[in-house]
Amino acid sequence: MAFLLALLIVAITAGLVWPLAAKMWWTPLLASAQGGDFDSHFLLSMVMCVIIFVPAQLALAYCVVAFRDRAGAKASYSHGNNFMEVLWTSLALVFFIGMNAKGQSMWYHQRMEAAPADSLMVEATGEQFAWNFRYPGADGKFGKTDFMKVDNSAGNPLGLDPDDPAGKDDIVTTTLVVPVNKPLEVILHSKDVTHNFFVREMRIKQDAVPGMDLRIHFTPSVLSKDLPPHPDGTKGEYEIACSELCGLGHYKMRAFMQVVTQEEYEKFLKEHAR
Amino acid sequence: MPHAAGVAHDTGQALHDHAHAMGAPTSFWRKYIFSIDHKIIGIQYYFLALVAVFVGLTLSVLMRFHLVYPTAKMWDLPIWKSIFNGQQMTPEMYLTLMTMHGTIMVFFVLTTAPQGGFGNYFLPIQIGAADMAFPVLNMLSFWTTLVAFIIMMAAFWVQGGAPLAGWTAYPPLSGIGEVTGPGEGLGQSLWIASIGTFCLASLLGALNFIATTLQLRAKGMTLMRMPLTVWSWLVTAILGLLAFGVLLSGGILLLLDRHAGTSFFIPGGLVLNGQPLVDHKGGSPLLWQHLFWFFGHPEVYIAILPGMGAASQILSTFARKPIFGYRAMVYAMMAIGFLGFFVWGHHMFMSGLSPYSALAFSLMTGVIAVPSAIKTFNWLGTLWNSRIQMTCAMLFALGFVSLFVTGGISGVILAQPILDSYFHDTYFVVAHFHIIMGVAAIFGMFAGTYFWFPKMFGKMMNETVGKIHFWLTLAGTYAIFIPMHFLGVAGHPRRYSETTGVDYLKSLDGVHMFISHAAFFTAAVQLIFLGNLIYALWKGPKAPKNPWGCTTLEWVCDSPPVFDNFGGKEPEVFHGAYEYSVPGAKEDFIMQNDPQQVPEHH
């Protein structure tokens with residue numbers, strides 16, 4: 001029985017580590033400038049975790065076999081060892097704090113430094129169960145909105161105030177279209193409940209909380225048309241998948257994000273200009 | 001294994017004690033239903049959790065079924081029809097099942113069985129007390145918990161059905177009413193009322209546990225001689241006392257938002273279903289998240305600490321070796337309890353929390369990993385140079401250690417905000433918390449059940465059947481939850497009723513199929529446990545006083561113990577709880593109330 005348990009523990013350990021170590025299973029294509037930080041830190045963290053996980057599981061499997069109840073086996077009478085306690089406490093402290101500190105600097109660069117001054121600003125507003133994206137238009141300014149003026153059927157899902165000149169040229173779309181290699185700042189809003197803006201290829205995620213103005217910035221680096229197709233042959237596209245429970249249609253609260261060339265982007269703006 | 005000679009109670013003494021079980025009630029109602037005996041109350045909590053765990057398990061099976069067969073018709077059962085309209089399961093039904101699965105499992109299983117069940121039964125006996133400090137309050141705690149469970153279950157049958165906002169119930173989704181979704185009407189209000197009632201019961205229970213441990217210890221039972229199980233129940237009670245009050249207040253505020261027109265959690269300017277919401281403004285959805293997780297993170301430790309205590313007790317017993325680093329184990333539990341109140345923000349890295357706060361919460365989470373690692377090292381140290389007896393209880397305790405390592409290590413990934421900006425709310429999180437908080441804690445309960453069943457019911461469970469249950473459960477649970485990590489790495493969001501709404505999920509359907517079938521299998525395997533339990537209650541062989549050769553005071557009592565545990569004679573304690581394989585001793589264990597000498601140790 002001891003051997004069987006040891007074998008099972010080893011098999012479980014291999015089953016978890018092998019697909020990741022052999023990269024049989026890994027994160028999808030990386031398509032943003034800052035996402036490399038995530039990938040490298042995830043890899044480092046996984047390696048560090050494996051360094052703890054595998055020996056711990058194997059030690060358990062070893063103990064189960066080596067110290068099984070056999071004729072003549074005797075348990076030692078020991079209440080512990082203070083040196084060992086101090087040793088592994090210190091090691092754990094250095095290990096966990098060290099890895100944590102490394103990740104913190106990346107977090108700092110991504111979330112606490114302001115978006116570059118030349119960033120393209122887009123407002124993304126979530127509602128049950130769709131997104132609307134707003135571009136400030138030629139004047140570079142978002143017009144005022146008023147929640148009392150929201151009227152989906154009249155084509156004003158965001159409640160744009162018709163009396164505000166800054167809002168006259170605002171463009172509202174349901175697909176996010178952005179130029180490649182240009183820093184992008186997304187301002188997240190929600191009309192009703194909490195939603196979440198997640199694009200896996202960009203390694204970016206942030207809740208959209210009603211009543212709050214939350215901003216994230218990143219630089220898309222791969223054109224949509226260069227995305228690998230799905231295994232079934234259909235076109236690969238960037239999908240914004242809601243990642244905060246928002247109600248019965250949560251699973252289908254998805255919008256597309258297109259990363260295009262500068263020329264295509266300008267064409268898109270012209271087509272949608274008001 | 002024969003009962004230790006030389007302890008205070010031999011067979012003749014036990015018979016004598018029976019006659020002196022003072023104040024024992026004689027009527028059926030006072031003895032078994034409205035009992036003030038902590039042992040009966042412990043069993044009541046245990047059976048409540050047993051009912052709840054099978055309800056929760058059934059809900060999860062239905063969820064896994066819907067995920068892989070979204071268009072299949074459900075059975076034409078009256079109970080199904082009384083809850084849901086039509087046989088076709090809809091996305092909102094999935095969310096209802098998910099919400100109720102999470103809630104029932106966290107509150108009525110993970111909080112109820114380890115603390116209310118085993119804690120109630122064994123804490124007083126292990127410290128040599130005749131009962132809890134406040135027996136009537138103890139009875140009230142149980143009945144209040146039962147009322148909470150009935151209110152929770154009632155949510156299934158009200159207009160609109162049970163809520164769909166998840167066990168975390170984030171407003172505004174949970175704070176406005178039916179307009180945000182089905183089940184968000186009366187169902188959500190009942191959910192909040194049930195949780196509030198549960199909090200009240202848990203507060204009363206926590207007070208009782210703390211008072212009992214501090215006041216009713218037998219002569220010689222110093223704090224540092226207490227079994228680690230007692231320490232784990234004490235620390236859990238302190239966490240409960242500090243955490244449940246906060247959730248209770250949060251729940252009251254949420255109810256006021258829903259029914260009294262307040263706006264604690266509801267900001268202004270909302271538009272729901274195209275209609276502006278004019279009667280709320282000024283609230284903060286993040287306030288709820290702070291209150292909820294200030295409770296919610298300590299709750300994780302409330303669920304797992306008693307499992308750690310039971311695992312320590314059982315590993316030492318069946319390794320026939322003293323626990324390695326007893327003091328380090330105690331300090332590690334205290335550290336986990338203390339630090340547990342400073343890490344709640346790690347659930348909110350992507351919520352709109354200030355990125356500066358995220359730095360602090362992340363660092364604290366890194367620190368709390370240290371005492372968890374210490375515990376793991378000490379368990380391995382306990383096994384080193386031991387003589388392992390592979391009983392069912394031991395197998396589950398060993399499984400607990402493996403699961404604790406697996407579930408803990410993915411926490412190191414999730415503790416980092418930079419990595420959470422991918423993994424937050426994906427299946428990686430589902431895998432992580434199910435392994436550490438769900439399966440590991442449940443392995444602690446299984447270990448506890450196989451270990452203490454003889455004492456609780458005076459009968460033995462079948463070891464062979466128990467071992468089959470162990471092998472299939474360990475393999476089955478890992479088969480369910482290992483692949484969930486891979487879903488998370490692929491960016492699969494959690495709480496999705498179907499995989500049809502996002503294209504990149506299509507390629508993951510095979511993984512879901514595997515997980516679902518592993519889940520059906522593992523759920524079915526639990527019937528083996530139930531069968532073993534029921535058969536043992538009915539026809540199990542009679543249990544001796546101390547079948548495992550264990551040192552703690554519950555094994556001094558009869559199986560099951562008399563009304564006041566020790567027959568009116570308070571035991572005297574001479575040494576710590578883990579004196580196994582003492583050189584020169586008559587047997588390979590020395591009980592805590594055995595006056596024979598043990599060697600000096602730190």
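Inspect segment B:361-381 for any residue being more than 10 Å from every other protein chain (Cβ to nearest Cβ), farther than 26 Å from residue B:474 by Cα and surrounded by fewer than 24 Cβ atoms within 10 Å (Cβ to Cβ) and give the result as yes or no.
yes
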(message) Cβ-Cβ distance below 6 Å, separation of 6 or more or different chains: which pairs start in segment B:531-548 with a residue that is under 17 Å from residue B:46 (Cα atoms) and touching a residue at least 12 places away in the same chain (Cβ under 8 Å) and end on one that is assigned to a strand (DSSP E or B) and not polar (S, T, N, Q)?
(response) B:536/B:459
(message) Restricting to segment B:480-508, name every residue that is more than 7 Å from every other protein chain (Cβ to nearest Cβ) and of a type in the set (Phe, Trp, Tyr).
(response) B:481
(message) Can you confirm whether residue B:469 is within 25 Å of the chain's Cα centre (by Cα) and either surrounded by 24 or more Cβ atoms within 10 Å (Cβ to Cβ) or facing another protein chain (nearest Cβ under 10 Å) (or both)?
(response) yes
(message) Here is a list: B:113, B:201, B:162, B:129. Which entry is touching a residue at least 60 places away in the same chain (Cβ under 8 Å), out of contact with any helix residue (DSSP H, G or I) (no Cβ under 6 Å at 6 or more places or on another chain) and surrounded by 20 or more Cβ atoms within 10 Å (Cβ to Cβ)?
(response) B:129
(message) Test of understanding: among A:50, A:64, which residue is part of a helix (DSSP H, G or I), touching a residue at least 60 places away in the same chain (Cβ under 8 Å) and facing chain B (nearest Cβ under 9 Å)?
(response) A:64
(request) Take the residues in segment B:134-187 that are polar (S, T, N, Q) and within 14 Å of chain A (Cβ to nearest Cβ), then tell me which one is nearest to residue B:124 (Cα to Cα). (result) B:168
(message) Take the residues in segment A:157-180 that are within 11 Å of chain B (Cβ to nearest Cβ) and of a type outside the set (A, V, I, L, M); name whichever of them is surrounded by the most Cβ atoms within 10 Å (Cβ to Cβ).
(response) A:157
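Can you tell which of B:402, B:421 is buried (at least 24 other Cβ atoms within 10 Å of the Cβ), of a type in the set (S, T, N, Q) and closer than 16 Å to residue A:45 by Cα?
Values: B:402 fails: closer than 16 Å to residue A:45 by Cα.
B:421 is the lone residue from the list that is buried (at least 24 other Cβ atoms within 10 Å of the Cβ), of a type in the set (S, T, N, Q) and closer than 16 Å to residue A:45 by Cα.
Listed here are the residues, each with its yes/no results for (1) under 27 Å from residue B:197 (Cβ atoms); (2) more than 14 Å from chain A (Cβ to nearest Cβ).
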residue	(1), (2)
B:40	yes, yes
B:57	yes, yes
B:81	no, yes
B:86	no, yes
B:93	yes, no
B:104	yes, yes
(request) Answer with yes or no whether residue B:536 is assigned to a helix (DSSP H, G or I), within 30 Å of residue A:233 (Cβ to Cβ) and more than 10 Å from every other protein chain (Cβ to nearest Cβ). (result) no
(request) Mind counting the residues in segment B:234-293 that are touching a residue at least 24 places away in the same chain (Cβ under 8 Å), of a type in the set (S, T, N, Q) and under 27 Å from residue B:106 (Cβ atoms)? (result) 3
(request) May I ask you to list the residues in segment A:88-125 that are among the β-branched types (Val, Ile, Thr) and without any contact (Cβ under 8 Å) to a residue 60 or more places away in the chain? (result) A:89, A:94, A:97
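Of all the residues that make up segment A:220-236, how many are among the charged types (D, E, K, R) and within 7 Å of chain B (Cβ to nearest Cβ)?
Looking only at that region, the number is 1.
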(message) Among (1) within 13 Å of another protein chain (Cβ to nearest Cβ); (2) within 22 Å of residue A:34 (Cβ to Cβ); (3) not hydroxyl-bearing (Ser, Thr, Tyr), there is one condition residue A:183 misses while meeting the rest; what is its number?
(response) (1)
(request) Specify which of the listed residues (B:286, B:239, B:256) is within 14 Å of chain A (Cβ to nearest Cβ) and assigned to a helix (DSSP H, G or I). (result) B:286
(message) Given the criteria free of Cβ contacts under 8 Å to residues at least 24 places away in the same chain, assigned to a loop (DSSP other than H, G, I, E, B) and aliphatic (A, V, I, L, M), does residue B:173 qualify?
(response) yes
(request) Within segment B:382-410, track down each residue that is within 7 Å of chain A (Cβ to nearest Cβ), over 26 Å from residue B:481 (Cα atoms) and β-branched (Val, Ile, Thr). (result) B:388
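Which of the residues spanning segment B:328-360 are within 20 Å of the chain's Cα centre (by Cα) and either within 11 Å of chain A (Cβ to nearest Cβ) or closer than 27 Å to residue A:211 by Cα (or both)?
The answer is B:329, B:332, B:335, B:343, B:344, B:347.
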(request) Mind listing just one residue for me: the one in segment A:1-44 that is free of Cβ contacts under 8 Å to residues at least 24 places away in the same chain and within 19 Å of residue A:216 (Cβ to Cβ) and, of those, farthest from the other protein chains (Cβ to nearest Cβ)? (result) A:36
(request) Quick one: residue B:498 ticks every box in (1) part of a loop (DSSP other than H, G, I, E, B); (2) in contact with a helix residue (DSSP H, G or I) (Cβ under 6 Å, 6 or more places away or on another chain); (3) surrounded by fewer than 16 Cβ atoms within 10 Å (Cβ to Cβ) except a single one, so which number is it? (result) (3)
(request) Name the single residue, out of those in segment A:77-107 being among the small types (Gly, Ala, Ser) and surrounded by fewer than 16 Cβ atoms within 10 Å (Cβ to Cβ), that is farthest from the chain's Cα centre (by Cα). (result) A:90
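Laboratory data are not the source of any read-out in this text; all were calculated from the coordinates shown. Because the structure is a prediction, the values reported are computed rather than measured. No Cβ is skipped: glycine too gets one built from the backbone with ideal geometry, and neighbour counts run over all protein chains shown.
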